[in-house]
Structures are given as structure tokens and as C-alpha cells.
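The values are calculated or read from the model by the stated rules, or taken from the named source; none is laboratory data. Quick caveat: nothing in here was measured; it's all calculated off a predicted structure. Here the Cβ positions follow ideal geometry from the backbone for every residue, glycine too, while neighbour counts run over all protein chains shown.
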């Protein structure tokens, strides 16, 4: 069972006592709201069931993704979106919902759900900002009763017929791109930001009141170095750190 550290819990309580009108709270998704990577898990589901059009002509898709991710997480997530080009958006959303409901829903950290609900009740404007393909993350927003407009993820332009294209919308929300994407949506910097890896550093630094670093143990093997580096940054900057076992 997950449990907040006492200092983090106290800081959260102070935040939740304040009136959040006009203030934004931003959460990363993978490795933050849940210990696993929903975007990657959904992509593996697509590979297994050959659900994306581009997979029909792509060999070793998962291995290709991992190789791309080593060089550029932003490019790797854009590549996943491009593999879905030609698919109806309604069909992709159906796939994502089915996967989330049957395979991933139980991964959601109940303490993070509870925190978001408390912030909503205090009128904070909640945003989810993830490098993953946005449509893989959408089902979680339905569960949180958040407007889909409050989700930022890697995405492409949609044709007038409701078909995904290969034209990626920029900035891709990873590293500095997260802050850049948020700047397009928010009128002012967020007061509260939660993230788990170096990919979240820029938006954590943008928080005016409370940057919170959340990490899970043992967590994702591929992110250990990035998470350790962010934890070191947080210690130097005096940010709150929450480790979930």
C-alpha cells in the first residue's frame, strides 16, 4: 500500500487548504500517476494485435522503438503516432479504452487520484502533460473526470474525415517541449508540478510554489538513470521528493 512521506503530506495539505481559482496544477503521467509506462504498454498491445496500420510493414517494431528512444524520447513517441496514421481516431480511442480498462486501470496510484480530486475540489485547474501518445492516456482522464482539453501528449493532425495523419503537432511534450507546450495552454506558470524523470525537469522548474518529484521502486529499468539524475537535482534545489515502494 502506498503512503505519503510526512513532509510531502504536510506540504500537500497546505496546498489543498488554499483556494485554487486561476491556478494550474500539472502532472506527468507515466512513472508519476502510475509506476509503469501506459504509452509503451499500449504500444506493445498494438504490436501484439497488429492494430496500427504502420505495423503491417514494420519489422521488430518494439526493438526499433527502444533504439529510437535511446537517441530521442520525443522522436520515439512521434514514431509511434506516425505508425497509427491512416487509422480512424474513433477506432484508436476504442483500442485505448479497451486496453486501459482490461489491462492497466489497476496500475493507477490511488493516492495520486485522491490528490487530484482534492485539488479539483479546491478549484485548481488540473493538467496532465505526457510525452506518450495522447490517445493512450485519454482513458485515464475519463476516470479522473477531466476535460480532454487538459491533456497534453504527443499527437498528430487529424484529417477532416477523422483520420490520423503523419503530421506531428509541435512542440512534442518532452523535456523543454513540456514547458513550451504548457506555455501555449496556460496564461501563467503552474503553482504545482509533479514529475518523475529528467524529461519533467523544465516544467518542474517552472512551478511557482511546489515542485514535487515522485518516483517508484523498483520502477522502470529504462528510467533509473534519468530518475536518479532528477532526484539529485531535486535534492540540490530543495524540492520535495516522494518515493513509493
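Does residue 226 count as modelled with pLDDT of 95 or more, at negative phi, surrounded by fewer than 20 Cβ atoms within 10 Å (Cβ to Cβ) and within 17 Å of the chain's Cα centre (by Cα)?
Here the answer is yes, as residue 226 does meet what is asked.
Report those strands (runs of 3 or more DSSP E) wholly inside segment 76-183 carrying at least 3 residues which are touching a helix residue (DSSP H, G or I) at 6+ places or on another chain (Cβ under 9 Å).
125-133, 151-154, 164-168
Is there any pair linking a residue in segment 81-109 that is at positive phi and at pLDDT 95 or above to one that is surrounded by 14 or more Cβ atoms within 10 Å (Cβ to Cβ) and assigned to a helix (DSSP H, G or I), with Cβ under 7 Å and at least six apart or on different chains, and which?
86/53
If you take the residues of segment 46-61 that are in contact with a helix residue (DSSP H, G or I) (Cβ under 9 Å, 6 or more places away or on another chain) and part of a helix (DSSP H, G or I), which of them is farthest from residue 221 (Cα to Cα)?
Among them, the one singled out is 53.
Can you name the residue in segment 194-209 that is buried (at least 19 other Cβ atoms within 10 Å of the Cβ) and touching a strand residue (DSSP E or B) at 6+ places or on another chain (Cβ under 7 Å) and, of all such residues, is farthest from residue 174 (Cα to Cα)?
207
Out of contact with any strand residue (DSSP E or B) (no Cβ under 8 Å at 6 or more places or on another chain), without any contact (Cβ under 8 Å) to a residue 60 or more places away in the chain, over 15 Å from residue 133 (Cα atoms) and in a helix (DSSP H, G or I): does that describe residue 64?
yes
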